[in-house]
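Read the structure below first, then the notes.
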């Protein structure tokens, strides 16, 4: 896959980033916007669900541990909504323990990214996960 077609997996797409940590939101929003991505942000799962009443992003990146509504509860709600259940959702977590990936996949996440988000690798890490969806 050429570099252009690699980045085309994201350019012009809409990504919802759900996280209660301002630094993570800022890194994701800045890097994705610079790439030509429309970025939506929410501070918890409940805000994300409200936003999703009017929006249908191409991808969702969600923290797992958040107040009000966790990423675990958000993925459960998304999988119950016919309009939203097919959106690829990537877990975002600082707690990477053996079995976390399989637990996230079993819950309905497509894969996961680790925190803290590294500005030097975030976009390529996300693109690698998206590319796996298309192969």
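Below, the figures for the structure above:
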read-out: Residue among 31, 133 that alone is within 23 Å of residue 7 (Cβ to Cβ), under 14 Å from the mean Cα position of the chain (by Cα) and in contact (Cβ under 8 Å) with a residue 60 or more places away in the chain; value: 31
read-out: Residue count, the stretch 95-116 (criterion: more than 18 Å from residue 15 (Cα to Cα), in contact (Cβ under 8 Å) with a residue 24 or more places away in the chain and surrounded by 13 or more Cβ atoms within 10 Å (Cβ to Cβ)); value: 2
read-out: Of the criteria (1) surrounded by 17 or more Cβ atoms within 10 Å (Cβ to Cβ); (2) under 19 Å from residue 119 (Cα atoms), which one residue 49 fails; value: (2)
read-out: Selection from the stretch 117-130 of residues that are surrounded by fewer than 14 Cβ atoms within 10 Å (Cβ to Cβ) and either closer than 20 Å to residue 49 by Cβ or in contact (Cβ under 8 Å) with a residue 24 or more places away in the chain (or both); value: 119
read-out: Any chance residue 64 is touching a residue at least 24 places away in the same chain (Cβ under 8 Å), farther than 16 Å from residue 17 by Cα and either within 14 Å of the chain's Cα centre (by Cα) or buried (at least 18 other Cβ atoms within 10 Å of the Cβ) (or both); value: no
read-out: Flag for residue 92 being outside any helix (DSSP H, G or I), surrounded by 12 or more Cβ atoms within 10 Å (Cβ to Cβ) and in contact with a strand residue (DSSP E or B) (Cβ under 8 Å, 6 or more places away or on another chain); value: yes
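Here, each number is a calculation from the coordinates, and none is a lab measurement. Here the structure is a predicted model, which means the values were calculated and not measured. FYI the Cβ positions are ideal-geometry reconstructions off the backbone, even for glycines, and counts take in every protein chain you see.
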